[in-house]
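Here, each number is a calculation from the coordinates, and none is a lab measurement. All values derive from a computational prediction rather than experimental measurement.
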Amino acid sequence: MLDVIPQVNLQDFTSNGSQRQKTFVQTVGDALAEIGFFVLAGHGVDTHLISRCYNHAATFFNLPEKVKDTYEKQEINGQRGYTHFGKEHAKDSTQPDLKEFYQIGRTLTIDHPLHYQFLHNIWPTEIDSFKQDFKDLYLQLERCAIQLLSACSLYLEQPVDWLSKMSE
């Protein structure tokens, strides 16, 4: 059992050094198998973008309830847009969760074969650059996630794209 939370650098995985990549894969796989998580450095996600998105989120959640409610679409059950405080609850519980949230997902181009099957994102218009910053952050996080899925695939002795194909 691991006594400390392992820290890995994604640049070790993306480097041309096969030993660095093997060590990364082994460390990530062992960490997930033994304790369920690890610390990731060198992920390439723009920290200024992360800060801007946190600020956008704070601004959104400080809007009046009446404004936030315009971004809640009952027919899609919280899969995109806003979900108000106390709406959700844990399975088999009548007590409401003490949270409100805003959900976005992948943005597909009009020519993507699944474009009409995916729910479209709902973007608030009250906050400048909310849409663009969150779209950019989503893409950067997705790129990072695909690399991590590749490492996990290799740990499981599968083709490098085995898990990432499942997320397409």
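Points worth noting:
- Once C-alpha pairs closer than 8 Å and six or more residues apart are averaged by separation and normalised to the residue number of the range 46-166, the relative contact order reads 20 percent.
- Tilt relative to the chain, helix 47-61 - C-alpha long axis, 0 to 90 degrees, to 10: 30
- A straight Cα-to-Cα reach below 29 Å connects residue 135 with the lysines 66, 68, 73, 87, 99, 165, residues fewer than 8 places away in its own chain not being considered.
- Degrees separating the helix 130-155 axis from the principal Cα axis of the chain, which is the longest one: 30
- For the chain, diffusion coefficient by Stokes-Einstein and Kirkwood Rh (Cα), 25 °C, 0.890 mPa s, µm²/s: 131
- Helix axis angle, 18-34 relative to the chain longest principal axis, alpha carbon, degrees: 60
- Computed over the Cα atoms of the range 41-93, pair by distinct pair, the Kirkwood hydrodynamic radius stands at 13.5 angstrom.
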